[in-house]
Amino acid sequence: MLPARREAITLHTADELQLVGELALPQERDPEATLIMVHPLPTHGGMMDSHIFRKAAWRLPALANMAVLRFNTRGTSSQQGTSQGEFDNARGEQFDVAAAIEYAEFAELPRIWLVGWSFGTDLTLKYGLEPSVEGAILLSPPLRYSTEEDLGRWNEADKPLLALIPEHDDYLQPAEAKERFSIIEQADVRGVEGGKHLWVGQAETVLDAIVERVLPQHAPLKREWDGPMERGDTSAYANKTVAAFGGFLPKPDRDDDK
């Protein structure tokens, strides 16, 4: 875990819930940009500690001069704690995304980008079009809850959108993704060779792509660090269950997808 100013935060939603979160800032400088991380499906293991997001918070403040804001959506648990409320199938989570953006605004964090992963991409597409949001990055978007109307609003807003599509994704693969995202003229849809939905073993590829899009002067990230480091606690996820990696979605043809 590389040096950063890390602070446990509480997000307050419009429907009066308190959400667990963390803000990681560069240790000695003001950040040049801000990433708000919107995690995978909590009913299948997704949380603010899903591995890409955890690694982003542990590395990007030092390596890319970014602020990283992670949080647990309603009813979601991680090592940091459990957010109030219950999972609401991408409905009440609207207020969770709004609370995270509002926190970044009041903290005067610069250049806000949303980074959604799996379920978090649907929340980003449905609820992320706020004036203060500069753009969005989507990791393994399933387009399960998002509608063509949601995509159309992004097209009209003309805000940058990068979608990273794993070659072997279980839900949406590159060819279909390019077709479905064609509604958004400015969308940059990239297939990632060898990638799978959970990005296991490809964290560096994903983080490089995020930094290249938001702060290209810091990409690619350094692979070596000769300064001080801390040991991060991942003991709760040592068994490498799905929770440690990201959270699967139910298959599209399952009854609980209807």
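The values are calculated or read from the model by the stated rules, or taken from the named source; none is laboratory data. This structure is a prediction, so every number in the text was calculated from the model and none was measured. Virtual Cβ from ideal backbone geometry, glycine too; neighbours counted across all protein chains shown. When the accessible area is computed, the model is the full protein with side chains, heavy atoms only, and any ligands, DNA or RNA have been set aside. Shrake-Rupley method; radii C 1.70, N 1.55, O 1.52, S 1.80 Å.
Remarks
- Calculated SAXS-style log₁₀ I(q)/I(0) at q = 0.14 Å⁻¹ - region 1-57, Debye, Cα scatterers: -0.47
- Radius 13 Å from Cβ of Leu63, net charge of other residues (Lys, Arg +1; Asp, Glu -1): -1
- Electrostatic bookkeeping for Ser132 treats Lys and Arg as +1 and Asp and Glu as -1; over the other residues with beta carbon under 10 Å from its beta carbon, the sum is -3.
- This model, with +1 at the C-beta of Lys and Arg and -1 at the C-beta of Asp and Glu, gives region 1-120 a dipole about its Cα centre of some 520 debye.
- Those trypsin sites (Lys or Arg not before Pro) in region 180-233 that DSSP places in a loop and that have at most 13 other beta carbons within 10 Å: Lys222, Arg223, Arg231
- Dipole magnitude of region 133-207, debye to nearest 20 (Cβ charges: Lys/Arg +1, Asp/Glu -1, about Cα centre): 140 debye
- Pairs of Lys residues in the chain are counted when their Cα atoms are under 20 angstrom apart and they lie 8 or more places apart or on different chains; the count is 10.
- For the chain, a Gaussian network of Cα nodes joined below 10 Å ranks Asn89, Asn155, Asn72 by mean-square fluctuation, and the top entry is Asn89.
- Gaussian network model of the chain, springs between alpha carbon atoms under 10 Å - residue of Ser77, Ser140, Ser132 with greatest fluctuation: Ser132
- Dipole magnitude for the chain: about 700 debye, using +1 per Lys or Arg Cβ and -1 per Asp or Glu Cβ, origin at the Cα centre.
- Note on the chain: helix-only mean residue ellipticity at 222 nm, from DSSP H runs of 4+ residues weighted -39500 (n - 2.57) and normalised by residue number, equals -8000 deg cm²/dmol.
- Prolate/oblate/rounded call for region 49-152, Cα gyration tensor, a/c under 1.5 rounded: rounded
- Antiparallel content of DSSP bridges confined to the chain, in %, to 5: 35 percent
- Counting every alpha-carbon pair across the chain, the share separated by more than 27 Å comes to 30%.
- Stretchable slack from Glu149 to Glu130, in nm (0.36 nm times residue separation minus alpha-carbon distance): 5.2 nm
- Per-atom-type breakdown for region 1-65 gives carbon and sulfur 43% of the accessible area (1.4 Å probe, protein chains only).
- Loop-located trypsin sites (Lys or Arg not before Pro) in region 11-78 (DSSP state other than H, G, I, E, B) with a sparse environment of at most 13 neighbouring Cβ atoms within 10 Å: Arg29.
- Think of region 1-147 as having a plus end and a minus end, set by charges on the Cβ of Lys, Arg, Asp and Glu; of Ala136, Thr13, Ala62, Ala62 sits farthest toward the positive end of this dipole.
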